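Q: Let me begin by handing over the structure; questions about it come next.
The values are calculated or read from the model by the stated rules, or taken from the named source; none is laboratory data. What you see is a predicted model; the values in this text were computed from it and never measured. Backbone-built Cβ (ideal geometry, glycine too); neighbour counts: all protein chains shown.
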Amino acid sequence: MQNLSQEEWKEQMAQDEDAVLIDVRTPAEIDMGYIPGALHMDITNAGSFMEQAEKLDKDKNFYLYCRSGSRSAQAGMIMNSLGFNNTYNLEGGFEAWEGEKTSS
């Protein structure tokens, strides 16, 4: 799992044909807004998170975010332990995100 600054994360993801965007926040947090195109996989529900992760293509590149960057870093480490090689964490998370956002 690699931590990336907003600039690095945004640029790398934009150029990555195998990019998969994952929001690991709770449903209540997602209701306040999210980055368009993100899969929602709540890390606070560990069983569901692991089940959803196992269904993903491990050859893709996963760009993770949460509110501040801590839970998404944890999610990246969990995914790495499951055999995912390319996980990237957004430093500062959604709170610091200056890119495109939407609300539900």
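Q: Only residues that are in contact (Cβ under 8 Å) with a residue 40 or more places away in the chain, surrounded by fewer than 22 Cβ atoms within 10 Å (Cβ to Cβ) and in contact with a Leu (Cβ under 9 Å, 6 or more places away or on another chain): list them for the stretch 52-70, please.
A: Listed by number, the list holds a single entry, 69.
Q: On the basis of being out of contact with any Leu (no Cβ under 8 Å at 6 or more places or on another chain), closer than 25 Å to residue 5 by Cβ and outside any strand (DSSP E or B), does residue 48 make the cut? Full working, then the answer.
A: Numbers: out of contact with any Leu (no Cβ under 8 Å at 6 or more places or on another chain): yes; closer than 25 Å to residue 5 by Cβ: no; outside any strand (DSSP E or B): yes.
Answer is no for this residue.
Q: Then there's this: Counting only residues that are in a helix (DSSP H, G or I) and without any contact (Cβ under 8 Å) to a residue 12 or more places away in the chain, how many does the stretch 18-45 have?
A: Narrowing the stretch 18-45 to residues in a helix (DSSP H, G or I): 27-30.
Checking the rest, the ones that are also without any contact (Cβ under 8 Å) to a residue 12 or more places away in the chain come to 28.
So the answer is 1.
Q: Next question. If you check 4, 64, 56, which single one turns out to be within 16 Å of residue 75 (Cα to Cα), touching a Gly at 6+ places or on another chain (Cβ under 7 Å) and of a type outside the set (Gly, Ala, Ser)?
A: Result: 64 is the single residue among 4, 64, 56 that is within 16 Å of residue 75 (Cα to Cα), touching a Gly at 6+ places or on another chain (Cβ under 7 Å) and of a type outside the set (Gly, Ala, Ser).
Q: Okay, moving on. Name the one entry in 28, 46, 38, 73 that is in contact with an Asp or Glu (Cβ under 6 Å, 6 or more places away or on another chain) and either hydrophobic (A, V, I, L, M, F, W, C) or at pLDDT below 95 (or both). Outline the logic, then answer.
A: Numbers: 28 fails: in contact with an Asp or Glu (Cβ under 6 Å, 6 or more places away or on another chain); 46 fails: in contact with an Asp or Glu (Cβ under 6 Å, 6 or more places away or on another chain); 73 fails: in contact with an Asp or Glu (Cβ under 6 Å, 6 or more places away or on another chain).
Going through 28, 46, 38, 73 in turn, just one is in contact with an Asp or Glu (Cβ under 6 Å, 6 or more places away or on another chain) and either hydrophobic (A, V, I, L, M, F, W, C) or at pLDDT below 95 (or both): 38.
Q: Return only the number of the condition from (1) buried (at least 16 other Cβ atoms within 10 Å of the Cβ); (2) of a type in the set (D, E, K, R); (3) modelled with pLDDT under 95; (4) part of a loop (DSSP other than H, G, I, E, B) that residue 10 does not satisfy.
A: (4)
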